[in-house]
Each structure stands twice: as structure tokens, then as C-alpha cells.
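Okay, structure first, notes after.
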Amino acid sequence: MSPAWFRSNPIYGYGLAICAWLTAFGVRMALADWFPPGFPYLTFFPAVVVAAYFAGLRPALLTAVLSGLSAWWFWIGAPGFDWSLATGLALIFYVFVVAVDIFFIIGMNSATDNLRLEVARNAALAESRDLLLKEVQHRVSNNIQVVSSLLRLEAGMSKDPATRRALSEASARTAMIANVQRSLLDADGAAAPFDDLARRLVCDALNAAGRNDVTVMVEDARHALTAEEATPVVLILLECVNNALEHAFPNRAGRIDVRLYEDGPERRLEVRDDGVGPPPDFDPAKGRSLGLRIVLGLAEQLHGRFDIVDAAPGALCVLSYPRPVAH
């Protein structure tokens, strides 16, 4: 039985107190011939402690009173209630020790109960916070998806090919952001590891491009991305993958390798393909494509740098940025 059960049922608490006193009395009576003079309370102190711990203050006081009267009648001074000075001193000593025991045990129980309530309250607050975070995450993703749908409708209504293409690309990118936002947390509400998140999103990109002849390998990386880095890192990854699907493998199968690792104070994202490679003397900073400008802007947002180099064969896209302090 737990202490809380006895405290919530006063009858059982007082019953425990009486049983503790009877047990202590019986043991003391059985060992009376074995105990030397001067130990009248030896078996009663544990009874008071047990009653205080399990049943609380009032049952402990009952045990203390019954134990004190029993010891006074049978083992202190002459038989009966002896009123000598020595007996008074022995009773004062007993009252002092019992009071200290009850005080500390009741205080310990109170502190434990308060701590248990505080832990339960914090757990409830944490659960409420997680639910709120999931709801916000869901609403943000839905709102972004609405923007993507509106852009797609505008693209369908536009008669200018350049405008239609620009709106379609904007719609695809906003849909991508909504997908990233939806995937940031796993089913338990924990931050999704990078490798799991990357595999899901890259698979969606392959399906959207209709490229079942390209293999994408994501190296295991259980780093949980912070909220500040997750969206820009994953968007840069998807821009690199989509760029490879569009330019690196024009008429053949290929392979893309994705790797995220930590190098000292930095995190590095590498996307390598075995395609045709970048043009000679290619400089990402001078690129004019919207996707490349978006990637460079996201890298700057992370206070990092982005580069594309010839990997012979293929191209290697590298994003380097300072590792988050808390992740």
C-alpha cells in the first residue's frame, strides 16, 4: 500500500497506527527480559516513524501517545504512572525525540507531495505545449498550401508562357515549404532526424519529376535540425536535387548522394551527383537562375556559404554553416 492510500482513507490510517503500536508493544513485551534498563522506548520509535510516514500527522500522534503511555506504565520507574523526577525527564526525552521524528517525516512527505504535484503540473504543461506546437505547425503548413494552390490557379489562368512558368515554379516551391513544415516533427512530437526527413522529401521530389531511373542515397545522419535551420537546409537540399534531376541527367540514369555531417564548429551538407558536371569556371554567385539565388539567400540566412564544384564526374554542392549551439 502506498502512503497516499492510507492518508486518503483516515480509518485505515488510524488502523495502521494502532497496529504499529500493538506490534511495538508486543515486541517490547516479548523482549522485556532481554532489554537492559534505560531502553523503554526502543521498539516504539520505529512504530511512530512508520505511522508518520504512511498515515500522516494525526495517526502518528495517536501511535506516539499510546506508545508513551505504555512505556510509562510498564517500563519507566515503578509500575503504573510514576511521577518521579527521573520519570519526568525520561518522558520529556521521549516527547522531544518523537516530535523531531514526526516533524521531519511529515515535512519530508509534504515536500515529496509538492514535488509530485509540480512534476505532474509540468508534465501537463509540456503536453499542452506540444499539442499547441503541433496545431501551429499544422495551421502554418495548411496556410502555405493555400498560397501554393492560389499560385497554381493563377498560373493556370495566365496566358503568358513566362508568367505561367514563374507562377508554376513559385507554386511548387511554396508547396515544398508546406511539405517541409509538415515533416519537421515526427509522430511523437520530437524533432525529426535529418536523414528521415531528407529521404521522405527526396522521394517526393523524384516522384514529382517522374525520374525512376535516378537513385538517391541519403547517408545516415541522426542530427535533429533546429526550427531555425530545418527549413533553409531542407529547401537547399531539394533545390540541389531538383537541379541535378533537371540538368545532370538529361537522357540517362544517375545517382545522387546526400550527406550531412559536422566538421568542428560547422555543419556541412553535401549533395553529389555523377552527371555531366557544372560548366567550366562556373560561379554560383554569378548565376541568374531563381533557384540558385534562393539557395544563396537561404545560405546567407544560415550565416553560411554555398558552392558548387566539379566532382569529376558530376557536381558537388556544398553548404557550410555554423553548428547551432543547442540542438
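Remarks
- Residue match in region 27-41 (condition: hydrophobic (A, V, I, L, M, F, W, C), closer than 23 Å to ASP113 by Cα and assigned to a helix (DSSP H, G or I)): no
- For region 134-161, the set of residues classified as over 25 Å from ALA227 (Cβ atoms), open to solvent by 70 Å² or more (accessible area, probe 1.4 Å) and either touching a residue at least 12 places away in the same chain (Cβ under 8 Å) or not acidic (Asp, Glu) (or both) consists of LEU150, ARG152, LEU153, GLU154, MET157, LYS159, PRO161, listed by residue number.
- Qualifying residue in region 304-311 (condition: touching a residue at least 40 places away in the same chain (Cβ under 8 Å), more than 30 Å from VAL140 (Cβ to Cβ), part of a strand (DSSP E or B) and open to solvent by 80 Å² or more (accessible area, probe 1.4 Å)): no
- Residue count for region 225-275 satisfying the condition of being among the aromatic types (Phe, Trp, Tyr) and open to solvent by less than 10 Å² (accessible area, probe 1.4 Å): 1.
- Reported count of residues in region 5-49, each being out of contact with any Leu (no Cβ under 8 Å at 6 or more places or on another chain), farther than 22 Å from LEU91 by Cα and surrounded by 14 or more Cβ atoms within 10 Å (Cβ to Cβ), is 7.
- Residues that are assigned to a helix (DSSP H, G or I) and of a type in the set (S, T, N, Q), drawn from region 83-118: THR87, ASN109, SER110, THR112, ASN114
- Members of region 76-89 that are modelled with pLDDT under 85 and of a type in the set (Gly, Ala, Ser): GLY77, ALA78, GLY80, SER84, ALA86
- Screening region 270-295 for residues that are in contact with a strand residue (DSSP E or B) (Cβ under 6 Å, 6 or more places away or on another chain) and assigned to a helix (DSSP H, G or I) and picking the one that is nearest to SER168 (Cα to Cα) gives VAL295.
- Count of region 4-26 residues which are part of a helix (DSSP H, G or I) and within 43 Å of the chain's Cα centre (by Cα): 12
The values are calculated or read from the model by the stated rules, or taken from the named source; none is laboratory data. Quantities reported herein were computed from a predicted structural model and do not represent experimental measurements. As a convention, Cβ positions derive from the backbone with ideal geometry for all residues, glycine included, and neighbour counts pool all protein chains shown. The area values use the complete protein model at the heavy-atom level, side chains included, leaving out ligands, DNA and RNA. Shrake-Rupley method; radii C 1.70, N 1.55, O 1.52, S 1.80 Å.
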